[in-house]
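Bear in mind that the values in this text are calculations on the coordinates, not laboratory data. Note that the coordinates shown come from a computational prediction; the quantities given were computed from them, not determined experimentally. Backbone-built Cβ (ideal geometry, glycine too); neighbour counts: all protein chains shown.
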Amino acid sequence: MLSDRDYRAVFEASPDAMLIVDSGGVIRDLNPQALSMFGWSREEMEGSRVDRLVPAASRSRHKRHRRRYAEAPRARPMGQGLELQAVRKDGTTFPVEISLSPGKLASGLEHVICTIRDITSWKRMRWLSRMKLKAAENERRHLSRELHDEFLQFLVAFKLRGKLLVDEADRKERERAWAVIADEILGAIQGVKQMIRGLGSPKLERQGLVSALATLFRDTRKVHGVKIRASVNLDWVADELDPVAVLALYRIVQAAVTNAATHAGVSEAAVIVRSEDGVIVAEIRDQGCGFELTDPGTARDEGHAGLAGMRERAELAGGSLTVRTSPGKGTTVRATVPMVSPGREP
């Protein structure tokens, strides 16, 4: 038989925040995880109304729900599909799952045990998974269009030209037809190579990061007419960088530069890449049109799958990515990746 002291130890050791709330909605007890989660002291929380942990915009609705629950209390487990929010002492809100367990204390008073779990990381991972699927589907559609518009049309034309060539009796005409076919085959080969370059990065493998970035900046000016003012200071550490970090950094810079060249409406952009305290920092800045971003600190925006891809690359390499932008104010993308990937011996 467990003693009251044993039950208290279990309560204190719970990995989730736990509150004991009476029938009037007053917090009568709480565990250390609740203090850590909400940022209040025990003196501030104990004896206060549980409504203070609910965002102001939702408090009136929460009070109605609490009154109805008090009329017919029942156990409610976590994961019931409810989109719930809680608020910390500093005013920041965060998503939570809450389970409710009604009962009576030894004194006979009615109470509810509220178990609260912060699901910020889970929601972010779910969002990133959706963005990853969306990006993959967009890429499949892109490849489908390329195959249909370029290579399928080429194969159809090649088949027709082949039939005509079989029936052509004039030697000069056959030679001319062969020359046309050879040119078209060469064009198809170049198209395939371009698609392969889009999927892989032979330039990066062949040239190394610094040279591959220089080539990227030259190509951006040649293709898009956008000059890249670059400052890349990695020569002394380039050979020591982890391949995962190198690929992530290159792809992030490539995507950000392409976005600036195609969407920002600018004639130039700036790229700064440097080493700093064991990480590589890349900043891509433009003074273009900018855009509305829901969460600038994390580049989380449902309408910008490209940002989600850059952020995911940075996080998979053990780094991070932030975006600062607003309409008419330009855009700054800042990525950091460690020189050595997590789990690898330095």
Inset, instruction - Evaluate the distance, in nm, between pseudo-label points positioned 7 Å from the Cα of Lys163 and of Ala135 along their respective Cα→Cβ axes. - result: 4.4 nm
Inset, instruction - Could you pull out the pairs from Lys123/Lys193; Lys132/Lys193; Lys227/Lys329; Lys63/Lys123; Lys132/Lys222 whose alpha carbons sit more than 28 Å apart here? - result: Lys123/Lys193; Lys132/Lys222
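Looking at region 6-98, which GluC sites (Glu not before Pro) are DSSP coil and have at most 12 other C-beta atoms within 10 Å of their C-beta?
Glu83
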Legend entry - FRET efficiency for Gln85 and Ala188, using Cβ-Cβ distance with R0 set to 56 Å, rounded to 0.05: 0.55
Inset, instruction - Return the whole-Å distance between the Cα centroid of region 1-61 and the Cα centroid of region 207-272. - result: 51 Å
Inset, instruction - Calculate one ³J(HN,Hα) per residue across region 25-38 by plugging θ = phi - 60° into the Karplus curve 6.51 cos²θ - 1.76 cosθ + 1.60, and present them in order as whole Hz with x for glycine and proline. - result: x, 9, 6, 9, 6, 7, 9, x, 5, 5, 4, 5, 5, 9
